[in-house]
Every structure is written in C-alpha cells, then in structure tokens.
Amino acid sequence: MSKRSVTTVALLVAMILLSVSLVGCTPTFDYTDLSVRDYVGSNGIVTAANPYAAKAGLDILQAGGNAFDAAVAVSFAMGVVEPDATGIGGGGLMIAYNVNTGRSLYYNFREFAPQNATADKYQQDYTSQCGKAIAVPTQVAGLLTILEEQGTMSRNEVMAPAIRMADEGVVVTPELAAVIYDNFTTLAKSSSETQPVFFPNGLDPLEEGELLIQKDLAQVLQNIADNGKSYFYTGEFAQKVVDTIQQAGGYVTMDDMKYAMDNYPITSEALTGSYNGYDILTVGSPSTGGTMLIEMLNMLETYGKTASIEELGHNSPEYINLIATVMQLAYGDKEKYMADASFVEVPLEGLTSKEYAADRFTKYKAGSAYLGTAAGDVPYGNPWEYQDETATLYADGTSGDHYSTTSFSIIDKDGNIVTFTQTINSFFGTGYVPEGTGFFLNNEINDFSMQPDSINAVAPYKQPASYMMPTVVLKDNQPYATLGSPGGSRIPAAVLQVLLNIMEFDMDIQQAISAARVYCFTTDDSNSADTAKDIYIEGALADVEGQLQAMGYNVLYYGVTEYSSYFGGVQGIKVTDNGYHGGADPRRDGKALGY
C-alpha cells in the first residue's frame, strides 16, 4: 500500500476549518495542537486521549452542563474519534465523586457473556477475534443511565458533538493513522462497511491530516439521541446487531440485549483504600485493577514505615526494583483470586488488608530482583487468612486482556469529578460491523479464561475480569487528583507510577504522566532463565539498564522510541492552589482543555 504525503499547510488548514465547524465560531486557540498537552483552569477541565473529544466535553461544561453531562458527551465522542479503542459496541467503568454529598459513585457497564456462553463452547474453534468472542454491548445502557441519574442536559444536547463529528468528519491524528495502517486485516473483515470509511481511496488507508467521516455512525447516534436505550436494545436495530453476531458464530440473542437494557449499569459506591493520608476511590469487581492498586499502595506504605521512597530517587534502580516487586506480587494475586464477585468468591477484605500487604511485602529484597515464578516461587499469597470466610480456591485466572482501550477525566466548576475507562478490547474489537451502523463489535469474551475451572472462566451473564481502574484520590476529604489509563495488564503499573509521581515526588500532573515507566508482571512468556526476571522499560530509562541487570533483571524494551503507548495512556487532573491542572499522555493523542 502506498502512502500519500500531506503537506503541513494542508494539515493546518484542515484542522482550523474543522475546529470552526465543530464549535460554530472562530476558535480563539488551536485546541488540536498536541505540542501542548496540559491546561490549568479554574472552572473545569476535560482531559482525554483525543483533542476533539476533549473539546466536546469542554463545550458541554461551558454550556452549563455538569461533569456527568460532559462525561457522557466525551464518551460518545471517543467512539467517533477513537473507533479502534471504544464505541457503542463495547462497555466501560466510571468512578465519580460528588463534592456536595461527599459520596463516591461506581457505575459498572462492563460487557457480559450471553446466556448461552458456557465454557465448553469455547474449547474448539475459538480465536480472540472470532464471532464467539463478542460479549453483550453495554455502553449505551451505561451512558444514558448515567445521564438520566446524574446529568442535567438532554440526550440530544450531550450527543450533538459526537453526531456532528461523525457526520462532518474529524482530522485523523497520528495515533489513529498508525492504528488504521497496522490493522488492515481486522478492518477487512467487514470490508463493505469499513472500506468507504477507512480506505476511501482504494487500498490506501486514511493518513494523518485527512478526514475520517462516519455517516452511518452519525445516523445511529442521532437515533439513540432521539429514541433512547430502547432503539439500541430492542426492535429492528437490535435484531440487526444480533443477526451480525450470530452469523459470525457468536451467541448473543435478543433476550441478552433486553437484559442489558434492563439490568445495566450496575451501581455502587467505590472500592476504597488509603495511602499515607490519601484516600483512594477506585473500581471493584469485575475489575481487578482497583484491588491491585490498593494492594500495591499498602505494600509501599509498609516500606515507608522504615524507609523513604522519595529518598530512593525517582526512577533510580532501587526505586524501580521496589515497584517492580510490588507489581509482581499484586499481579500474582490477581491471577489467582480476582474475577466477577457476583459469580465467584473473591477475598476482597484480605486482598485490601494492610496486614496482608505487609505479609506479601516480605518478598521484597533491596538490591535484588524478586524472581517469583521464574525461580519456582508460588506467585500468590493467601488473603483468605485475613478475613473470616472459609477459603474457596480456583485455578489461576489467566485471560487475554488487551490494551485497545481509552480513558478520560473531568472536573467541573463545583469540583465534581468523573473518570471513565472504556473499551472494545482489541484494536477495532472483532472487526465486525453490523450493516449500516458504523460501529465495531467488541471481543470481550477473550478477557475470560478458557479454562473451565478458572476463577475467571466464562459463564452465562458473567462479566470478564479487567485491569481497567479509573481512580479518584482525596486528601483531607477534598478532591486531590483523578486519573485512568488504557493498556491492558499495564494499566495498574501505569496508574501506580503516576500516582507515586504526584504523591511521593511532588510532580505536577503533566510531569507525572510524561515520566518514563516500567512494567513487571508475575509471569512472562519470554522468561529467559530462572536466574533473571523480565522487566519492560521505556527507552528513556536506558541509562539504568546495566544496574537493573546486576540486580537480576532481564531488561526488555518495548517500542523503538523514548516512550511507547504499550505503557498506557494516562489522562488525569490534579487539584492545585492555582486551579485544576489537567494532564494528558504524549504516548497517545492526549489533550487537556479547560476554562
């Protein structure tokens, strides 16, 4: 496939013209300028993985909407500008903090397995992107319920930016151009639907600076705005979605679609923890990321009782060894004990216990890598000892969690915080697009384990375990920060490191997000020997490679540049004395906007 060049002048003109058409007036600044990622404002901040989606949320805030109105607007917009990562064919999780009530909100609209999805059906002829991998989409049910219960504006008002962007087009960003180019095979699965949109010039994919126009998606979004959840989950449209899934070999039925509309989202208060005076509000089941975060912070709090994390020095070899060890220990517990708590017994009290964390942290040894399973150690502890219930043991919950996900955060003029992480799993999900709809169907079944005795085994109506972990942090009972990230299994590692950057090293939010990261899992396919532990580092940390090797690490680089989207794409906000400071990740097309 040949690649056509786009001149700098043409790109600039296209962005300026589109900016005018999206807001209806001449912009006072170029909000698509990715040379500047962060923003400080006193009335509200929106930070997202794409500048057009961030602008959609900002427009809602400036029109008088609250953080929930803006969040729903951004969520629908992200499905337009990042169709590879999210959309109405998927689902997600939301954490919010209401400053007026002092209460947290957890909205779980993670996809679920259809009623006919028994484990035996996935033992043969199953691949990660086949039709069997499609779970019941829950995004629309989640978003519209959030708007109804927490918002102040109408569906048509908050969905208007996404509809307009789909209809008129958005300029393709560098990240999206690369993803389209790299996923030709997936996009070709529904070629009659995807070719006119992503390959409008024959076999040549859209490039950076060209317009992505999605007329079918615009019409579907308009119909949802006009008619609500019932349009998506019942009747002719829902039947079209179900027919597409079943023709591809999947198991979703019309009853499953109706069940999603009637039972989703699932609401509760946030999972809570604490770290050295900070309160952590994050997601519980079916996500594993929030539980892992609390466990990792508890272990680091144990370390802080006798030593100083700050004095180790940011990204020093010993600091990296410390966080790599706690990552391994938490990832090991995740694989063994964490899944959808509505279907299996999860020792949550033990996993989030500070006493259990102290017990786990005895594995840490300064100056030496914890080799874990590479040296034959059991990768998990026994959290059941730290709660009253009798232990229930399952096989390990290994799954295929992917990293084509997106995350965004919002704070409004009153200080209400909303943070989302949402996904369709792999890039462009399964690649299947129902005829005339313009959206991709997820492959979330792949986030289950295919082992029937696993804690994360697929079962009817069960939600697959996920690493997603939108999180809010309070200090002195007041909002302090919020953040989230895509990245599959790298999500807990990314969020932990950014939080430590602001809490331990006093970085501002943009510095904290931009800083180089590492990732160390409990097991790795590429463990080279029982005398070394695999650790992934970004190119910016090349100067510590030798010292990490001396500690017993097998140092691996991911990507060919200083930073890589493999290590997540954090979008976050920090409350400061000078206002709200929004930061966005240079590893994606992130942008923070505010006023």
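Anything in the range 417-439 that is in a loop (DSSP other than H, G, I, E, B) and touching a strand residue (DSSP E or B) at 6+ places or on another chain (Cβ under 6 Å)? List them, or say none. Passing the criteria: SER426, PHE427.
Scanning the range 225-269 for residues that are closer than 30 Å to THR471 by Cβ, crowded, with 23+ Cβ neighbours inside 10 Å and of a type in the set (A, V, I, L, M) turns up just one, ALA260.
Taking THR405, is it closer than 27 Å to MET299 by Cα and either polar (S, T, N, Q) or at pLDDT below 95 (or both)? Here the answer is no, as THR405 does not meet what is asked. Only one of these is surrounded by fewer than 24 Cβ atoms within 10 Å (Cβ to Cβ) and assigned to a helix (DSSP H, G or I): GLU345, GLU385, GLU389. Name it. Unique residue meeting the criteria: GLU385. Scanning the range 258-290 for residues that are assigned to a strand (DSSP E or B), among the polar types (S, T, N, Q) and in contact (Cβ under 8 Å) with a residue 60 or more places away in the chain returns THR267, SER268, THR272, THR282, SER287. For the range 310-336, the candidate set comprises residues that are in a helix (DSSP H, G or I) and open to solvent by 30 Å² or more (accessible area, probe 1.4 Å); within that set, the residue that is nearest to GLY546 (Cα to Cα) is GLU318. Of the numbered criteria (1) touching a residue at least 60 places away in the same chain (Cβ under 8 Å); (2) touching an Asp or Glu at 6+ places or on another chain (Cβ under 7 Å), the one VAL172 fails is (1).
Among the conditions (1) modelled with pLDDT under 95; (2) within 29 Å of ALA481 (Cα to Cα); (3) of a type in the set (Phe, Trp, Tyr), PHE505 misses just one, which is (1). Taking first residues from the range 346-371 that are over 23 Å from ALA307 (Cα atoms) and modelled with pLDDT of 95 or more and partners that are crowded, with 20+ Cβ neighbours inside 10 Å and among the polar types (S, T, N, Q), the Cβ contacts under 6 Å between residues at least 6 apart in sequence or on separate chains come to LEU351/THR291.
Scanning the range 442-468 for residues that are open to solvent by 10 Å² or more (accessible area, probe 1.4 Å) and either part of a helix (DSSP H, G or I) or in contact with a Leu (Cβ under 6 Å, 6 or more places away or on another chain) (or both) gives a single hit, ASN446. Within this structure, VAL81 fails the test of being β-branched (Val, Ile, Thr), at pLDDT below 95 and in contact with a helix residue (DSSP H, G or I) (Cβ under 7 Å, 6 or more places away or on another chain). The set of residues in the range 321-374 being closer than 24 Å to MET468 by Cβ and among the aromatic types (Phe, Trp, Tyr) consists of TYR331, TYR337, PHE343, TYR356.
ASP577 meets the conditions (1) free of Cβ contacts under 8 Å to residues at least 60 places away in the same chain; (2) more than 30 Å from LYS413 (Cβ to Cβ); (3) charged (D, E, K, R) in every case but one. The failed one is (2).
Exactly one residue among ALA374, ALA358, ALA307 is open to solvent by less than 30 Å² (accessible area, probe 1.4 Å) and outside any strand (DSSP E or B), and that residue is ALA374. Of the residues in the range 206-216, at least one is in contact with a Gly (Cβ under 7 Å, 6 or more places away or on another chain), part of a helix (DSSP H, G or I), within 17 Å of PHE76 (Cβ to Cβ) and open to solvent by 10 Å² or more (accessible area, probe 1.4 Å). Across the range 141-199, the qualifying residues are those that are among the acidic types (Asp, Glu) and under 22 Å from PHE427 (Cα atoms), and the one among them that is nearest to the chain's Cα centre (by Cα) is GLU175. Screening the range 471-577 for helices (runs of 4 or more DSSP H) wholly inside it with 3 or more residues that are open to solvent by 10 Å² or more (accessible area, probe 1.4 Å) returns the ranges 509-514, 545-551.
The values are calculated or read from the model by the stated rules, or taken from the named source; none is laboratory data. All values derive from a computational prediction rather than experimental measurement. Cβ coordinates were reconstructed from backbone atoms using ideal geometry, including for glycine residues, and neighbour counts include every protein chain displayed. Just the protein is used for accessible areas: all its heavy atoms, side chains included, with ligands, DNA and RNA removed. Shrake-Rupley method; radii C 1.70, N 1.55, O 1.52, S 1.80 Å.
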